[in-house]
Structure formats: C-alpha cells, structure tokens
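Colleague: Have a look at this one before I ask anything.
The values are calculated or read from the model by the stated rules, or taken from the named source; none is laboratory data. Everything numeric here is computed off the predicted structure, so don't read it as measured data. As a convention, Cβ positions derive from the backbone with ideal geometry for all residues, glycine included, and neighbour counts pool all protein chains shown. Note: areas computed on protein heavy atoms with side chains; ligands, DNA, RNA excluded. Shrake-Rupley method; radii C 1.70, N 1.55, O 1.52, S 1.80 Å.
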Amino acid sequence: MRLFAEVPPRKMSVDVPDGVGLKVRCGGTTADAFPPVEHLGQFIRSCVESGIPFKASAGLHHAVRHFDPSLGVDRHGFLNLLLGVCEAVEGRDPAPVLRTTDVGHLVRMATAVQEDTARRARQLMVSYGSCSTSTPIDDLRTLGLIS
C-alpha cells in the first residue's frame, strides 16, 4: 500500500520519501481551485523526472478540457492529463496537450501512444478521481476510444 500526500502543483520542491506518492487537485467548487496549465505541467514533469507516482483528483469529470461557464474557468480533461503524462515520459512539455481542446488531435494522440510509453505513464499516473463513473466512460465511447 502506498501513502499519497497532496501538494499544490506549484510546490514541487518537496522531498518525497520512498513509498510515498503525490496527489494533485485539478479543480473544485471555485475557479481558484483549478491549477493553471503551467503549474499542472510542472507537477507532471517533476513526477516523471523523479519517478514519483501520483494521483489526480477533483474536477476531472470529462475527457477533454472545456470551459465551465458556471465557474468561469477551463476544466482540465482526464484524457488531456493522461496524454500530458505520456508527453512528459517522452521528454516533451505536457503543457500544450493539457491546454488543447482539439478533440480530433487528442484522439489521434491517444491512438498513437506507444506501448512502452503507456506502460510508464500508467506506473506514474496511478489514478484519477471523478464524481461520476458513467460520464468518463460515455466520453471515451463518444470519442471512439473504447467500445
């Protein structure tokens, strides 16, 4: 069993003991609870470079980044997040994919992820939280990524 410690994504200078992972909050009930893409990207890069597993929580209801008019904020997408980890695993900046709302581009990226990249990304991003079990599955079906 692994213990996960929550840190704000901009505070990645913490020392993480062996056997401990990190948790990043990706949203909440107010606009200020959603970390900027740059902070989330730096969190992902730091975890990948240090080999620290992490989980993501809050606000990841849909696959693709989208604007939420009720909060006046862009919500992060769980597919964007996962592909951001894949980008970091391959040595690229995750910020552009975290920022994109281009559904076709994300689907093409998802279907092109190499097996070794996917395996490493899965070792690092161990889970994400959603308030729904059906919405993420419905989104992936709509995108044609699962049947």
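Colleague: Please list, in chain and number order, the residues 5+ apart from V24 or on another chain whose amide H is under 5 Å from its amide H, with Hs placed from the backbone.
Modeller: Those qualifying (amide H under 5 Å, at least 5 residues apart or on another chain) are K55, A56, S57.
Colleague: Rounded to the nearest 0.05, what FRET efficiency do R108 and E38 have when you use their Cβ-Cβ distance and R0 = 25 Å? Don't skip to the end; give the middle numbers.
Modeller: Numbers: r = 24 Å, r/R0 = 0.97.
Efficiency computed from Cβ-Cβ geometry: 0.55.
Colleague: Can you send over the carbon and sulfur percentage of the accessible area for the chain, probe radius 1.4 Å, protein chains only?
Modeller: Working: 4020 of 7800 Å².
With neighbouring chains kept in place, the figure for the chain is 52 percent.
Colleague: Can I ask one more? When the chain is fully extended, how far beyond the present Cα-Cα distance does I146 get from E115, taking 0.36 nm per residue of separation?
Modeller: Details: separation 31, 0.36 × 31 = 11.16 nm, distance 1.66 nm.
That pair, I146 and E115, stretches by 9.5 nm at full extension.
Colleague: Considering amide H positions built from the backbone, and no H for Pro or chain starts, which residues 5 or more places from R75, or on another chain, come under 5 Å of its amide H?
Modeller: H66, F67, D68
Colleague: What accessible area per residue comes out for region 17-84, rounded to a whole number of Å², with a 1.4 Å probe?
Modeller: Ligands and nucleic acids excluded, the result is 39 Å² per residue.
Colleague: What is the spin-label model distance, in nm, from E90 to D68 if the labels are put 7 Å beyond Cα along the C-beta direction?
Modeller: 2.9 nm
Colleague: Could I ask something else about it? Connecting C-alpha atoms closer than 10 Å in a GNM of the chain, tell me which of L71, L106, L40 has the biggest fluctuation.
Modeller: Of L71, L106, L40, the Gaussian network model singles out L71 as fluctuating most.
Colleague: Diagonalise the Cα gyration tensor of region 30-133 and give the resulting equivalent ellipsoid semi-axes, square root of 5 times each eigenvalue, largest first, whole Å. The partial results should precede the final answer.
Modeller: Details: eigenvalues 90, 45, 32 Å².
Value: 21, 15, 13 Å, ordered largest first.
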